[in-house]
Structures are given as structure tokens and as C-alpha cells.
Amino acid sequence: MTAHLINGKQIAAEIRENVKQKVEERARLGLPVPGLATVLIGDNPASQVYVRSKQKMCAEVGIRSFGYELPANASQEEVEALVRRLNADPNVNGILVQLPLPSHLNEERVLSAIELNKDVDGFHPVNIGRLAQKGREPLFVPCTPAGVMVLLEKAGTKLAGSNAVVLGRSNIVGMPVALLLVRADATVTICHSKTRDLPAVVRQADVLIAAIGKPEMVRGDWLKPGAVVIDVGINRVEDASAPKGSRLVGDVAFEEALQVASAITPVPGGVGPMTIAMLLQNTLRARELADNAA
Ligand code: NDP
């Protein structure tokens, strides 16, 4: 068996195109275009790259972006004051505080300061709480997990009643993915660094979501034949034969998995591009919420 490749790059491009058309339509009708504020604190190089690419993608679809940078030693009060200012700014529909924050800052307090209807990253404790509760609807769902669900849907995966295994329980990926899968009626097992006999648990998975940040840890022979595999991991490994001396791999040994799974996301080009596409979609939605509130 050779698995079907789930092409996140193409699916993300379609979502961006859809957002772009809706933003253009708003502009034609004389309606305000969506605006996203990015808040970058400190000089973490990876965070700088992520924020820049979010701003670039905003520009490509016609979303206005407003970049704010604070020094690594910014105080809790300064950060929260900026968030409050952005909450009050009618041109800003979405507020994205790039994580991780410098360690002296209280992340939960910063995220709680974001107005719920501008929480385009979906990390506000109330949005996450609603995600975990039956019959409640979060205003926004975190972007990477939302992207994972779109990929599963596009691959035609039947989730109801399936055994889904999530590797990782982080606030930004593993836990919200697991909550979304429960909402989609899958039977969900969440694994983490203390899980015993991971290969045996993974072998039960009709659907596997890997989000542990361990290069190619999940081997082909861990997989149940026909499983659908979504590899969230992005890991840089040395490779003397690659032009830059390194390359990106996922948490799953891709070539091995290809022979066993029925469908799989590549790394890069799988989940990665979906995160920003979902952020753009959330920002458009935030603008629409602001329209309705007006
Ligand atoms: P974290 O480091 O926050 O969480 C990793 C999780 O994996 C933890 O729950 C940890 O367990 C678990 N874990 C670590 N080692 C093992 C192990 N040996 N066996 C089982 N579980 C293990 O990572 P993130 O959730 O932020 O990210 C995960 C991966 O996804 C990374 O590669 C990251 O780069 C990538 N990522 C990709 C995104 C995208 O856009 N495609 C977006 C965000 C992340 P414990 O809780 O016990 O410590």
C-alpha cells in the first residue's frame, strides 16, 4: 500500500484564496477590511520568522496587519496595556500575541487580557474552556488544531467512532486537537512523555496525530495498516547531502509510514501551511463578528 498524500500546501492555498476573495468583496462594497495586530515580545529568532510570515500572508490576502514589538524585558503591565489598547482599536479585529513569551511574563494573564471576539489564536482560557465543554461553542479554535481537522476532512476521514490517538498534550496543539476529535465523535487517547509502550497505543489508531517534536520517532511498524496520519511535528535534522546541511522532518518516519498508512501529511507541506491559513480565516471571521456587533 502507498498512502495518499494529504496536500496541506494546496488546501491552505485554497483557503487563503477564499479569504482573499471575501476581503476583496468587502473592499468593493466599501466595508472595512479585516485587521490583525501581531505582538512580538523579545528577540526569539523563530518567533520573528513566524510573525513576519503571518504579516506577509495578511498582505497577500488584503488583511491589514499592525506589527507591535516590545523588548524582552517588557513588564507584565506594559504587555497587558498594549493588549488593552488593541482591544479598543476598531481597526484591529484580531490580536495575536506570539508565543512563547519571555519566562518572566504570565502567559495566562496576557492571553486572558485579549478580548474574546479578537482572540484569533483561540488561546483565551474561555475559548479553550468552551472547546472542552459539551454544548458550548468557542468563538475561535486554535489555528494548528483547526488546520488538522480541515486536513482530516479533506482526506475524507471518517472520525465518528474511530480510534484517534494524539501524541502530545500541549496547550497549542495536542490538547485542543484531542478536544476537537472528541467533538467529532472519535474515541480519543492522548499520549505524552509518561505514556507506557507508545508503539502499542499507536497501533490501535485509525487516526494518528503526532505533535511531539521528536524527529521521525513514530516508525512505520507502529502504525495500524490503513491508518490516517497527520504529522504536526517540524524538526530540523542535519543532512550533509541537503543544500543547507539540514532538512525538515516530521515526528513520523515518512517513507516507512507511506507503506502502511492510507493517507499521510508530508513535512514540510502538510500541517505547516494550514496554521497561517486558519489564522487568516479567523481574522476575517473576527471582522465579521465586529460587523454584527456594530
Ligand atoms: P511541546 O514541546 O509543547 O509539547 C510536546 C508534547 O509531546 C508534550 O505533551 C510532551 O509530553 C510530548 N512528548 C515529548 N516527548 C515525547 C515522547 N518521547 N513520547 C511521547 N510524548 C512525548 O510541543 P508543541 O505541541 O508546541 O509542538 C509539537 C510539534 O509540533 C513540534 O515539532 C512543533 O515544532 C510542531 N508545531 C507545528 C506547528 C505547525 O504549524 N505545523 C505549530 C505548532 C507546533 P509531556 O506533556 O509529558 O511533556
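The values are calculated or read from the model by the stated rules, or taken from the named source; none is laboratory data. Just so you know, these numbers come straight off a predicted model, no measurement behind them. Cβ sites come from the backbone with ideal geometry, for glycine too, and all protein chains shown count toward neighbours. Only protein heavy atoms, including side chains, enter the accessible area calculation; ligands, DNA and RNA are left aside. Shrake-Rupley method; radii C 1.70, N 1.55, O 1.52, S 1.80 Å.
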What are the pairs with Cβ atoms under 8 angstrom where one residue, in region 233-245, is assigned by TED's automatic domain parsing to the domain that holds residue 173 and the other, located anywhere, is aromatic (Phe, Trp, Tyr) and not in a loop (DSSP other than H, G, I, E, B)? Sequence gap at least six, or different chains.
none
Residue satisfying all of: in region 242-274; β-branched (Val, Ile, Thr) and surrounded by fewer than 24 Cβ atoms within 10 Å (Cβ to Cβ); farthest from the ligand (Cβ to nearest atom) among these:
260
Residue 101: within 25 Å of residue 35 (Cα to Cα), part of a loop (DSSP other than H, G, I, E, B), touching a residue at least 60 places away in the same chain (Cβ under 8 Å) and open to solvent by less than 70 Å² (accessible area, probe 1.4 Å), yes or no?
yes
Taking region 242-285 and keeping residues aromatic (Phe, Trp, Tyr) and assigned to a strand (DSSP E or B) leaves none
Does residue 137 count as open to solvent by 50 Å² or more (accessible area, probe 1.4 Å) and farther than 30 Å from residue 229 by Cβ?
no
Test set (1) over 26 Å from residue 156 (Cα atoms); (2) without any contact (Cβ under 8 Å) to a residue 40 or more places away in the chain; (3) of a type outside the set (D, E, K, R) - residue 222 fails condition number:
(1)
Looking at region 185-221 only, could you name the residues that are farther than 30 Å from residue 239 by Cα and of a type in the set (S, T, N, Q)?
187, 189, 195, 204
Could you check region 69-92 and list, in sequence order, the residues that are outside any helix (DSSP H, G or I) and touching a residue at least 24 places away in the same chain (Cβ under 8 Å)?
69, 70, 71, 72, 73, 74, 89, 90, 91, 92
